[in-house]
Amino acid sequence: MSATAFIPPYPPRHTRPLGLLGSIRKFRGSMLDIWSERAFSADFFSSRVLRRTVFICNSPETVRETFVEQAAAFERKSPQMRFALEPLLGDGLFVSDGETWRARRRAVAPVTHASRMAELAPVMTEVAAEWHARWSATPAGGEFDALEEMAEMTAEVICRTLFGRSLGSDAAASVVHAFSAYQARIGQSALGAMMGLPEWVSRLGNIAASREAKRIHKVLDALIADVLRNPDGDASLVRALAALQAMEPWALRNEAATLFMAGHETTANTMAWAWFLLANSPASAARLRDEARAVLGGRAAGHDDVPNLPYARAVIEETLRLYPPVPVLAREALVDTKVAGTPVPRCSLLLVVPWLLHRNPRLWEQPDHFRPERFIEGQPIRYSYVPFSIGPRVCTGQQFGMVESVICLATLAQNFAPAMKPGHVVQPVSRLTLRPGAHLPMLLQRA
């Protein structure tokens, strides 16, 4: 254990109840700002928010009970999540439930399965090599926005993977900017849904976000049409989906939007956070650099290198623990049931909160410290670490995201060690996903 391990920033933890109005104000700014110190160590607790009761699972036992053993009762995403994402994803896999979800899961799971990683990884290697060349051509000490840079890089990976090498690149930046605008617009417009207010309240708040969603749909529709028009074009996930499952164009678009969001936004945030954590942990950055150089010898990482880069993987895993891309997993109870012996009425909200679970001092030693070594020293207790959710609704792209992150991080860390821009203060902000604020200005330093 390192006595000098970096403690990265987190919002103040309240020692007294905030009250309804105080909680609403904090929630509208960021979903992370409402939690008290006691919430991190509690196993299971509840709170009444106007017309809804909200239950929070914060132990491996309650996570297993709800998301695995009672998965059918808690299959539906929360109203807040549905209203926030339906304008963009429609009935896509991430927000659908029932038979629609089951049919889409059967269609999507095979094309993103772990067994296909060797086939999908070359695009990751290709983009990582391009970014290494791009950074090599940048003057040392030059300022750049690490959040935007990682968003562009992961967008290149997912666009080329979804639509093929010849079609993906031109649209990547367009979709990235539109998605950032969408997330800013959506804010907490669905707060009313979480509190049990009428649906029209939440839908009214989605008008601005819907305009951004239409911009994204326009780009995706054009890309999908190009893919389907050319049967002899590049291999791609869209082509594989269309071949495996007959889908209407709008359904194919919804799944493409879902895969784009899952394959771009969450990985970009994780990579940006990783650079921030490494910039404040010189020993960790040096260990990563030494491992990458020893394994790769200056070339870009490939799929076969991933098992030989355990520290790079540990850095990503620790980043996901401290800053889970989706820090609140919220579900709506479809039936009356019980959790931990406590009655949970139908229509209640149930939350598994990785932000709390991953920092629970009863489950993690030095829970607020950045210590990648913990993932090399041993594996976490089952159901105490859920950055990709857990149970039947576990993210189908978790292996894709992990392999991509390790390949890109190791490739770049061989020769680069971005440093923080002096004076910039980082605070985590979560609306749809957990970001290090709107921007992450850094200085591009050679390692």
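The values are calculated or read from the model by the stated rules, or taken from the named source; none is laboratory data. Not measured: the values here are computed from a predicted model. We place every Cβ from the backbone using ideal geometry, glycine too, and count neighbours over all the protein chains shown.
Assorted remarks:
- If the condition is being closer than 19 Å to Tyr383 by Cα, crowded, with 22+ Cβ neighbours inside 10 Å and of a type in the set (S, T, N, Q), then the stretch 63-92 contributes only Thr66.
- Taking the stretch 351-386 as the range and being among the aromatic types (Phe, Trp, Tyr) and under 30 Å from Val49 (Cβ atoms) as the test, the residues that pass are Trp355, Trp364, Tyr383, Tyr385.
- In the stretch 391-402, residue surrounded by the fewest Cβ atoms within 10 Å (Cβ to Cβ) [restricted to those that are in a loop (DSSP other than H, G, I, E, B) and among the hydrophobic types (A, V, I, L, M, F, W, C)]: Val394
- None of Gly423, Gly378, Gly437 is in contact with a strand residue (DSSP E or B) (Cβ under 6 Å, 6 or more places away or on another chain), surrounded by fewer than 19 Cβ atoms within 10 Å (Cβ to Cβ) and not β-branched (Val, Ile, Thr) except Gly437.
- Only one of the numbered conditions (1) touching a residue at least 60 places away in the same chain (Cβ under 8 Å); (2) in a strand (DSSP E or B); (3) out of contact with any Cys (no Cβ under 9 Å at 6 or more places or on another chain) is violated by Phe375, and that is (2).
- Within the stretch 304-344, the set of residues being farther than 18 Å from Ala42 by Cα and of a type in the set (Ser, Thr, Tyr) comprises Tyr311, Thr319, Tyr323, Thr337.
- Test: residue in the stretch 348-355 that is closer than 17 Å to Pro324 by Cβ, among the polar types (S, T, N, Q) and assigned to a loop (DSSP other than H, G, I, E, B): no
- Contacts under 9 angstrom Cβ, first residue in the stretch 34-61 being within 21 Å of Pro79 (Cα to Cα), partner of a type in the set (Val, Ile, Thr) and surrounded by fewer than 16 Cβ atoms within 10 Å (Cβ to Cβ), 6 or more apart: Ser46/Thr342; Phe55/Thr342
- Filter pass, Ser136 being within 30 Å of Pro307 (Cα to Cα), free of Cβ contacts under 8 Å to residues at least 40 places away in the same chain and small (Gly, Ala, Ser): no
- Test result for Ser96, polar (S, T, N, Q), without any contact (Cβ under 8 Å) to a residue 60 or more places away in the chain and crowded, with 16+ Cβ neighbours inside 10 Å: yes
- Scanning the stretch 403-416 for residues that are assigned to a loop (DSSP other than H, G, I, E, B) and surrounded by 20 or more Cβ atoms within 10 Å (Cβ to Cβ) returns a single hit, Gln414.
- Members of the stretch 309-347 found to be in contact (Cβ under 8 Å) with a residue 12 or more places away in the chain and among the small types (Gly, Ala, Ser), listed by number: Ala312, Ala314, Ala330, Ala333, Ala340
- Within the stretch 205-223, residues that are at positive phi reach no partner that is modelled with pLDDT under 80 with beta carbons closer than 9 Å at six or more positions or on different chains.
- Residue match in the stretch 232-248 (condition: surrounded by 18 or more Cβ atoms within 10 Å (Cβ to Cβ) and over 28 Å from Glu86 (Cβ atoms)): no
- Entirely in the stretch 166-252, the helices (runs of 4 or more DSSP H) that have 2 or more residues that are modelled with pLDDT of 80 or more and of a type outside the set (A, V, I, L, M, F, W, C): 207-229
- Looking only at the stretch 114-153, and only at residues there that are among the hydroxyl-bearing types (Ser, Thr, Tyr) and modelled with pLDDT under 95, the one that is nearest to the chain's Cα centre (by Cα): Ser115
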